[in-house]
1. Students often forget the sequence filter, so: which lysines lie under 25 Å Cα-Cα from K38 once same-chain residues fewer than 8 apart are removed?
2. Considering the values (i) 13.1, 41; (ii) 12.3, 37; (iii) 16.0, 51, which represents Rg and Dmax of the Cα atoms in Å as calculated for the structure under consideration?
3. Explain nothing, just the number: relative contact order of the range 3-89, from Cα pairs under 8 Å at least 6 residues apart, as a whole percent.
4. What is the local net charge at E36, summed over the other residues whose Cβ is closer than 11 Å to its Cβ (Lys, Arg +1; Asp, Glu -1)?
5. Contour minus end-to-end for W85 and I62, with contour as 0.36 nm per residue of separation and end-to-end as the Cα-Cα distance?
6. Per-residue ellipticity at 222 nm for the chain, helices alone: DSSP H runs ≥ 4 residues times -39500 (n - 2.57), over residue total, nearest 500 deg cm²/dmol?
7. Of V20, G53, Q68, which is farthest along the charge dipole of the range 3-88 in the positive direction, counting Lys and Arg as +1 and Asp and Glu as -1 at C-beta?
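The numbers here are math on the coordinates, done by the rules we state, and not lab data. Keep in mind that this is a model prediction, so the values were computed, not measured. Note that we place each Cβ from the backbone using ideal geometry, even for glycine, and neighbour counts take in every protein chain shown.
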Amino acid sequence: MAPSAHRRYKKFDALLKRRVREEVRKLAKEPYHYRELKGPLKGVRSYHFEHEGKQYRVAYQILEDTNQIVIVLVKSRESFYKALWRILR
């Protein structure tokens, strides 16, 4: 998990943290299945899930040379792409 994602993750309540871990395990099984973003966010993929009626997004990158997935951002859908853009620029 990138520092940007970990800072936000630490602030989540225990139930949401558990849900994020479950969802990340799912995406790790098929990381190429989920949508790659376009334009200046190219190279980042987005995974969506819902928790307690609220939409969340997980932005991640696949590092093929080391066969790893780096979680860049986990955030509610609100202002997600704006926050992601700030992190990646």
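1. K26, K29, K54, K75, K82
2. (ii)
3. Working: 102 pairs, mean separation 21.2, N = 87.
Reported relative contact order: 24 percent.
4. Charge balance near E36 sits at +4.
5. 6.5 nm
6. After summing the helix terms and dividing by the residues of the chain, the value is -11500 deg cm²/dmol.
7. Among V20, G53, Q68, the one farthest towards the positive end of the dipole of the range 3-88 is G53.
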